[in-house]
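For reference, the structure is listed below as structure tokens.
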Amino acid sequence: MATTSNLRDTGTRRLVLLSIASLGVGAVVTQLALLREMLSVFEGNEMVLGILLGNWLLLTGTGAWIGRIARQAQNPLRLLVPSQLLIAVLPLLQVVALRVLRNVAFTRGAMVGPFETVFASLIILAPFCLTSGFMLTLACSILARRRENDDLISSVMSDKKPHHDEALEIGCIYIADSLGSIAGGLLFSFCLVLVLDHFGALCVPAALNLAMAAVMAWRWQAQKFAFVALVLLAGLAFTRHIDEMTTQLQHGAVPVLFRSNSPYGRLVVTESSRQFNFNENGVPLFSTHNTEQIEETVHYAMAQRPDARRVLLIGGGASGTAREILKYDTVEQVTYIELDPLIIIAARRFAPESLADPRIRTSNTDGRLFVRQTTEQFDVVIVDVPEPATMQLNRFYTAEFYSELKRVLRNDGVVSFALSRYENYVSRELARLLGSAQRTLRQSFRHTLLLPGGRVFVLASNGELTTDIAARVATRGVKVQLMTRNYLDAMLTTDRLSALQLAPDKKSSPNEDFSPVLYYYHLRYWLSRNPTRTGLLIGFMLTVLLACPFLLRGGAIVVFAGGFAASALEVTLLLAFQILCGSVYHQVGIVVTVFMAGLTAGAWLANRPKKLSRRASLSVLATAIALFAAMLPFALVQLSAMSFDAVRVVVPALTFGIAVLVGMEFPVASQAERTDPTTTAAVLYAADFAGAALGALLASTLLIPVLGVAATCWLTGGLNLAAAGLVWLRRKRR
């Protein structure tokens, strides 16, 4: 294996940096693929996403902390090649384990609670995340030791003291990892996800890391590891059927007819009882031939305006609702909006009759973006999207969206959507949902109406609304299978209607884009399924995370606060972008890529030997981040008045700005520390990942939904200002 002389090999530094860049590529692709896989297994909301991302960052930080043992290794190069091999093969094994063991560990078909989500994801993510974090510190140790050797040799030859610039190598590792992350994000978002399944996508970074391991092993005379890497590389060619096999195992006896990835998620179509069930990222979208849901969705709305000529349908049209609308003979056109083109492709394959009529016009775009940009007028708008279980879906239930719908509706046009299941009982959680929805609608419409069915249907209009659905349907001569006079008489009894009109919680807050309380109410319902264990779990996690700042010293506290700001403000900017521009996936991918580019640029700018006080520089950077966070809410208000094209430029620019500031902190902090480089790298990486974990978990699940965007930004600014003050005070004492 490699000897200590390899540390002075001129090619060692290049190989180590390439190794970390390959790790960056693999880490991002693995993160994106595994998070999508895990959202398919667990409940797909931001709380779960926050838990998964938080666990990912915490485990990676723990791995970086464990990496301190590299300081004691006689030759740390011995650890790099096997770590690279693990980085290559672990993601493939994790996907297989996730799909195969889900129904072994949990009841098939049952929802997985937050308590189980935390510990299951910890077990699944631990092998890869611990290894990747360990590699970051290990690489810093290798390059710092090599720089120290070079400095010692230089001092002997020139009778000068060594420069001790080993800390600069920590910044170089940070930059290499960030560059790899940029490449991985672009590769996955704009290439791999379009042509490969998740298993195939993971084979690409696996091949890259195996090739890197083989080159390093051969260069450092570790032929056995080189042979293993080449064998595993050849074995990737025989994995092409694993995705199909494991997907079927994941769904048990239910036949999987279709599986594919799109930029918007993983779509799986199964068949049961002659129904085709469409699921994306674990969220049931719709089932074909679901007569009750199709007829209620259409006729509760259409019976209000049976003479409607133009109907806008946002989501759900492939299930059969678009065709059902055309039973009203006055309808000239149904404009069906579906964000994911893969859903349309699958629907034309498995239910071609649902979209065959030429009067159905399909458009693959974001529903809110279409409403904002269209100049058309509609008689009825049916919003047939899943419940506001995520902030992405919550955008279709806000006051701002209803105001936009009012603009595209005719004077007495009708808006209709559904909320939650209804079993003759309105729970406290459902009352909050209905109360918020009703208060929100009344900001734009004079009349609202709640109708009981399999779900609670909410209608709004400036014209009159009626509960006599059966008479309207019969008058138009519409043929129905389920919604007959007898069915509707049983569903729409006086008692059920009266109970539902009185059910909404009058204290519920209206739902807004930058204060998504409807999503928060839905999240509380999810958490309420096991309140004792969930409360203990959340309390434990927050105690551990909030204790981190008090356990950190020196520049690590600033890096922690910067990591928090990076996650919290990126979530805020992504939310703002989706609200103002719609869910334009490639544009969102650009925002994320710009953020990584900003981190890289900031690290590159700061990773220079300077005569300035590093403590003072850290205080300045933390203060600048605090000011940025404090001003961001005012910038977002201005964005609301800008054009679509302007927003697409300004949001990435703001993202780049905050990323540059955060990226500068890491190398500045590494040069300010007085410990050995390995310990410095371990502490700073752990602090960075811990802060980012806390920001990711809290911003998307608690701070923004409860406090709103402005308060979240100000809280983030306050944390960074406090960190700046602590560093400044410690410097003064010295």
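Quick notes
- Any chance THR440 is in the same structural domain as ALA303 (by TED's automatic domain parsing), over 33 Å from the mean Cα position of the chain (by Cα) and either under 27 Å from THR335 (Cβ atoms) or outside any helix (DSSP H, G or I) (or both): no
- Considering residues of segment 348-369 that are closer than 30 Å to LEU523 by Cβ and either touching a Lys or Arg at 6+ places or on another chain (Cβ under 7 Å) or in contact (Cβ under 8 Å) with a residue 60 or more places away in the chain (or both) only, the residue surrounded by the fewest Cβ atoms within 10 Å (Cβ to Cβ): THR365
- Of the numbered criteria (1) assigned to a helix (DSSP H, G or I); (2) out of contact with any Ser or Thr (no Cβ under 7 Å at 6 or more places or on another chain); (3) at pLDDT below 90, the one ARG99 fails is (2).
- Filtered residues of segment 216-239 (kept if touching a Ser or Thr at 6+ places or on another chain (Cβ under 9 Å) and either of a type outside the set (Phe, Trp, Tyr) or surrounded by fewer than 18 Cβ atoms within 10 Å (Cβ to Cβ) (or both)): MET216, ARG219, GLN221
- Filter result for the condition that a residue is assigned to a helix (DSSP H, G or I), assigned by TED's automatic domain parsing to the domain that holds LEU15 and within 21 Å of the chain's Cα centre (by Cα), over LEU187, LEU210: LEU187
- SER619 vs. criteria of a type in the set (Ser, Thr, Tyr), in contact with a Leu (Cβ under 8 Å, 6 or more places away or on another chain) and at pLDDT 85 or above: no
- Residue within segment 52-71 that is modelled with pLDDT under 75 and either of a type outside the set (Asp, Glu) or not assigned by TED's automatic domain parsing to the domain that holds LEU125 (or both) present: yes
- For segment 274-310, the set of residues classified as modelled with pLDDT under 85 and basic (Lys, Arg) consists of ARG274 only.
- Matching entry among THR655, THR678 (being among the polar types (S, T, N, Q), surrounded by 17 or more Cβ atoms within 10 Å (Cβ to Cβ) and either at pLDDT 85 or above or touching a Gly at 6+ places or on another chain (Cβ under 6 Å) (or both)): THR655
- Of the criteria (1) in contact (Cβ under 8 Å) with a residue 12 or more places away in the chain; (2) surrounded by fewer than 18 Cβ atoms within 10 Å (Cβ to Cβ); (3) of a type outside the set (A, V, I, L, M), which one ASN486 fails: (1)
- Residue in segment 268-278 that is closer than 25 Å to PHE457 by Cβ and touching a helix residue (DSSP H, G or I) at 6+ places or on another chain (Cβ under 6 Å) present: yes
- Hits in segment 228-273 (condition: over 24 Å from PHE188 (Cβ atoms), at pLDDT 85 or above and of a type outside the set (A, V, I, L, M, F, W, C)): PRO255, THR270, GLU271
The values are calculated or read from the model by the stated rules, or taken from the named source; none is laboratory data. Please read these numbers as outputs of a predicted model, since none were measured by experiment. Every residue, glycine as well, gets a Cβ built from its backbone with ideal geometry; the counts of neighbours run over all protein chains shown.
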